[in-house]
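Accompanying notes for the structure given below.
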Amino acid sequence: MTPQGFSFDRLPVFPAVALELISLLDDQEASVQDIATVLRREPALAAEAIKVSNSARYARHQGAILDLDTALVVIGMKEARRVCLNAAVRGLIGAALGMPELRRLWRHSVASAILTEYLSEDYDIPAGRAYALGLLHDLGALALLAMHPEEYRRLIVLYDHEPVDWREAERRIFGMDHEQVGALLVDHMGLPESMRAALSQHHDSDLGLRGCEACLVGAASLLAETIGSGIGGDLVQSPPEALLARMPLRDPAARLAGLPAIAEKIQDAVSL
């Protein structure tokens, strides 16, 4: 069964290079040169890495950086993977980012990615993989948005004025909610099967289970809401410290103290 009006033919293409970058996240032997080899096959993503290497964040380096190898040395492999995955996922949304309401969904995806990485050690999940899971956890919502931007904008506006059950509203409008669409996209896009739970079960997961990827993503998504990077759908009444208390954190006080810096990091990331 596929959602009403849903056609994979209408969905923008997710670059094959992005899928290779995801696979490299689990490769502990991967090098900067491995990343460069992959990026050279997708000029738009390579250009994004070069652009970031010339940003104010790396202003200590003298002169403009024009080649990919130098850019990767400057920003490092970890940042290169993040930047290029961000660019690939952002490309799915395209012109919809021009709508302020829809930019909130992109901001939430980036915030969730940064927070999954921030919490990943406590959940015993590799940081690079955690970032990708957080960025892609709402891929189903991004797909619905890409195909039906005006309808999704109206859903967000509706939530602003009258909080509704987000997934129930999606099912009523589109025939499926974003978690169900996310499960379909794992197969359609060739994502690793191991990512399916994070895309399709993050809303109903137990935040306290260490080693559970869907639990980590669900925790990060809720935490993003509490620090001002939500889109609606998760009506979070609890303050950050109450949410953190439900997670298997080794040092909750340190995690709480680090949230202002994480909020700044999110702002920097969505501004690039």
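Only the coordinates and a few stated rules stand behind these numbers; no lab work does. The shown structure was predicted, so the numbers you read here are calculated from the model rather than taken from an experiment. Every residue, glycine as well, gets a Cβ built from its backbone with ideal geometry; the counts of neighbours run over all protein chains shown.
Provide, for q = 0.21 Å⁻¹, the log10 of I(q)/I(0) from a solvent-free Debye sum over equal Cα point scatterers in region 170-272.
The Cα Debye sum returns log10 ratios of -1.20.
When a/c reaches 1.5 or more, the comparison of a/b and b/c decides; with that in mind, is region 133-225 rounded, prolate or oblate per its Cα gyration tensor?
Oblate.
Binned at 10 Å from 0, what are the whole-percent values of the Cα-Cα distance distribution for region 97-162, short to long?
The calculated distribution, bin by bin, is 22, 42, 25, 11.
Could you compute the net charge surrounding Ser120? Neighbours are other residues with a C-beta less than 10 Å from the C-beta of Ser120; K and R count +1, D and E count -1.
Residues close to Ser120 contribute a combined charge of -4.
Quick check: convex hull of the Cα atoms in region 13-95, volume per residue, rounded to a whole Å³?
92 Å³
What is the P(r) of region 99-272, as percent of Cα-Cα pairs per 5 Å bin from 0?
1, 9, 18, 23, 21, 15, 9, 3, 0
Could you tell me which Cys residues in the chain have no other cysteine's Cβ under 4.7 Å from their own Cβ, answering none if every one has a partner?
Among the cysteines of the chain, those whose Cβ sits 4.7 Å or more from every other are Cys84.
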